[in-house]
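Q: This is the structure I want to talk about, given as structure tokens.
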Amino acid sequence: MTYLLVGGGAALGAILRYDVTKLIKRYVLGRFPFATLTINLLAALLLGFLASHLGTTNDFYFLLGTGVCGGFSTFSTMSYETVLLQQQRYTGLAWLYLVCSLVGGIGCALIGLSLGSLF
């Protein structure tokens with residue numbers, strides 16, 4: 001049952017990521033990968049909230065945390081976009097993106113943990 005929850009959640013998360021990416025790219029132009037950054041920061045915030053509020057060993061967490069958040073966020077795309085910016089000689093943007101992704105992700109997870117403990 002856990003595999004179905006994680007797999008179903010991941011499928012939903014991937015579909016959401018695709019739609020949110022399209023939506024953001026429709027309104028935000030430029031080289032900086034705002035769509036992936038936004039998605040990953042939202043996923044970190046939600047994952048922190050879920051872990052704090054639900055714990056990490058129940059079916060809701062497997063569905064929403066491991067599944068949806070795991071399918072929604074994307075470390076591989078962030079890595080690829082960072083390398084691509086570097087290859088295109090946008091070194092400053094690559095470093096900015098990397099720092100925003102890592103520091104921002106940890107910050108959002110901490111905020112999510114704090115919010116989860118309030119509810």
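The values are calculated or read from the model by the stated rules, or taken from the named source; none is laboratory data. The model shown is predicted, which means the values in this text are computed figures rather than measured ones. Every residue, glycine among them, receives a Cβ derived from its backbone with ideal geometry; neighbour counts consider all protein chains shown.
Q: Of everything in the range 86-113, what is within 21 Å of Ala44 (Cβ to Cβ) and of a type outside the set (A, V, I, L, M, F, W, C)? Give them in sequence order.
A: Those that are within 21 Å of Ala44 (Cβ to Cβ) and of a type outside the set (A, V, I, L, M, F, W, C): Tyr97, Ser101, Gly104, Gly105, Gly107, Gly112.
Residue by residue, here is whether (1) part of a helix (DSSP H, G or I); (2) touching a strand residue (DSSP E or B) at 6+ places or on another chain (Cβ under 7 Å); (3) at pLDDT 95 or above; (4) over 21 Å from Thr2 (Cβ atoms) holds:
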position	(1), (2), (3), (4)
Ile24	yes, no, yes, yes
Gly30	no, no, no, yes
Cys69	yes, no, yes, no
Val99	yes, no, yes, yes
Gly107	yes, no, yes, yes
Gly112	yes, no, yes, yes
Ser117	yes, no, no, yes
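Q: Here is a follow-up. Does the range 19-44 hold any residues that are touching a residue at least 24 places away in the same chain (Cβ under 8 Å) and within 8 Å of the chain's Cα centre (by Cα), and which are they?
A: Selection gives Thr36, Leu37, Ile39, Asn40, Leu41, Leu42, Ala43, Ala44.
Q: Any chance the range 33-53 includes a residue that's surrounded by fewer than 15 Cβ atoms within 10 Å (Cβ to Cβ) and either among the polar types (S, T, N, Q) or at pLDDT 95 or above (or both)?
A: no
Q: Tally up the residues in the range 73-119 that are under 12 Å from the mean Cα position of the chain (by Cα), surrounded by fewer than 13 Cβ atoms within 10 Å (Cβ to Cβ) and in contact (Cβ under 8 Å) with a residue 60 or more places away in the chain, please.
A: Qualifying residue count for the region: 1.
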